[in-house]
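Before I ask anything, here is the structure I am working with.
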Amino acid sequence: MPTVVERLKGKLVVSCQAARGDALEDTEIIRRIARTVVEAGAAGLRINSPEHIAAIRQDTDIPIIGIQKQHCNGQIHITPDFASATALAAAGASIIALDCTDRELPNSKRCGN
């Protein structure tokens with residue numbers, strides 16, 4: 001059985017997500033977009049939020065790169081804490097994308113989490 005990375009190597013991974021507050025940021029809409037790109041040949045998906053991942057996981061077993069965007073002080077951080085990563089894994093993500101920049105990550109007091 002090939003590993004997740006082997007299944008994705010050299011193949012198309014499609015990011016199916018919408019900006020916060022966008023009309024397309026609905027779980028069912030994102031699920032339909034994901035289903036469409038998988039039917040068109042995508043080998044993997046990049047999905048934001050445990051809710052969206054759980055919904056899409058019902059439709060496919062292809063690898064999902066899970067992210068949890070957190071908006072803080074005008075910046076977006078990708079899966080900045082263990083709780084976010086745990087929720088993505090529990091929802092069915094195959095890989096978890098992390099914010100690996102050298103900038104300071106948000107904390108609960110500054111970002112209202």
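The values are calculated or read from the model by the stated rules, or taken from the named source; none is laboratory data. Being a predicted model, the structure only gives us computed values, none of them experimental. Quick reminder, even Gly has a Cβ in these numbers, built from the backbone with ideal geometry, and neighbours come from all protein chains shown. For the accessible areas, the whole protein counts, side chains as well, though only heavy atoms, and no ligand, DNA or RNA atoms are used. Shrake-Rupley method; radii C 1.70, N 1.55, O 1.52, S 1.80 Å.
Taking His52, is it crowded, with 22+ Cβ neighbours inside 10 Å and on the phi < 0 side of the Ramachandran plot?
So His52 fits the description; yes.
Taking Leu45 as the residue in question, decide whether it is under 22 Å from Cys100 (Cβ atoms) and either open to solvent by 70 Å² or more (accessible area, probe 1.4 Å) or assigned to a strand (DSSP E or B) (or both).
Spelling it out, Leu45 is indeed under 22 Å from Cys100 (Cβ atoms) and either open to solvent by 70 Å² or more (accessible area, probe 1.4 Å) or assigned to a strand (DSSP E or B) (or both).
Do we have any residue at all in region 19-41 that's assigned to a strand (DSSP E or B), open to solvent by less than 40 Å² (accessible area, probe 1.4 Å) and either in contact (Cβ under 8 Å) with a residue 24 or more places away in the chain or under 27 Å from Met1 (Cα atoms) (or both)?
No: region 19-41 contains no residue that is assigned to a strand (DSSP E or B), open to solvent by less than 40 Å² (accessible area, probe 1.4 Å) and either in contact (Cβ under 8 Å) with a residue 24 or more places away in the chain or under 27 Å from Met1 (Cα atoms) (or both).
I'd like to know if region 69-76 contains one or more residues that are open to solvent by less than 20 Å² (accessible area, probe 1.4 Å) and within 12 Å of the chain's Cα centre (by Cα).
No, every residue in region 69-76 fails to be open to solvent by less than 20 Å² (accessible area, probe 1.4 Å) and within 12 Å of the chain's Cα centre (by Cα).
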